[in-house]
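Before any comments, here is the structure.
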Amino acid sequence: GENVEQHPSTLSVQEGDSAVIKCTYSDSASNYFPWYKQELGKRPQLIIDIRSNVGEKKDQRIAVTLNKTAKHFSLHITETQPEDSAVYFCAASQGGNNDMRFGAGTRLTVKP
Amino acid sequence: GAVVSQHPSWVICKSGTSVKIECRSLDFQATTMFWYRQFPKQSLMLMATSNEGSKATYEQGVEKDKFLINHASLTLSTLTVTSAHPEDSSFYICSAYRGNEKLFFGSGTQLSVL
């Protein structure tokens, strides 16, 4: 089955700096890679996703890159703000309603 | 956006009792829902996949007789923790598949078993 690894487990940056979170996956059949943000005590919220036919996707300060050959994808947050502080999870699935596997999460802290 | 409602948000029960958690998709039909367990500061661990009208598919290591899942309609899935014990205390969260790979999460249920 799919195995998703995520690094780092914790990340602390100064406000305005960039943050990068990396994930690798094992199943070459996976073709959908979402990122979720979970604030303390709240539900995970989808912030950006990418499909395997695309190498990069950007939405304002957030971008995701995918290297299908190497089976890794990354989340990039630029100009970080304190409200970006949360736990971020990457995930991988084969699309459709196939079960999604999550990375272990990265606790991002943005210091004002 | 799509809304998934999960109730109760927290529950405290005595050891040996059963607890039912509901997950509802309010504005879309979800043929598939997922149940996860999340320990403090850890990731979402998939417990089971719930398909409307059929038996749930459980992940390895998850006791199906312990965690009963029912998905009787396109908008409702329930998770019943039977004969709960303190080690079952955890944060349980559901998600519903809306289509086009989009998953929407419930707000979670914090279960504390005394």
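Please treat every number below as a calculation from the coordinates, not as lab data. It should be emphasised that the depicted structure is a prediction, and the values quoted were computed from it without experimental measurement. Glycine gets a Cβ as well: all are built from the backbone with ideal geometry, and neighbour counts include every protein chain shown.
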Quiz item: On alpha-carbon atoms, Rg over Rh for chain A using Kirkwood Rh?
Solution: 0.96
Exercise. Whole Å is fine, so just give me how far the alpha carbon centre of the range B:1-50 lies from that of the range B:70-86.
Key: 8
Quiz item: Within 10 Å of each Cβ of B:92-101, how many other protein chain Cβ atoms are there on average?
Solution: 4
Practice problem: For B:K66, go through the lysines and keep the ones whose alpha-carbon is under 21 Å away, minus same-chain ones fewer than eight residues off. | Solution: B:K14, B:K20, B:K55
Self-check item: Lysine pairs within chain A, Cα separation less than 28 Å, 8 or more sequence positions apart or different chains
Solution: 21
Practice problem: Please list, in chain and number order, the residues 5+ apart from B:T17 or on another chain whose amide H is under 5 Å from its amide H, with Hs placed from the backbone. | Solution: B:A84
Practice problem: Would you work out the relative contact order for chain B, in percent, from Cα pairs under 8 angstrom that are 6 or more residues apart? | Solution: 37
Quiz item: Are there cysteines in the protein assembly as shown with no other Cys C-beta under 4.7 Å, and if so, which?
Solution: B:C13
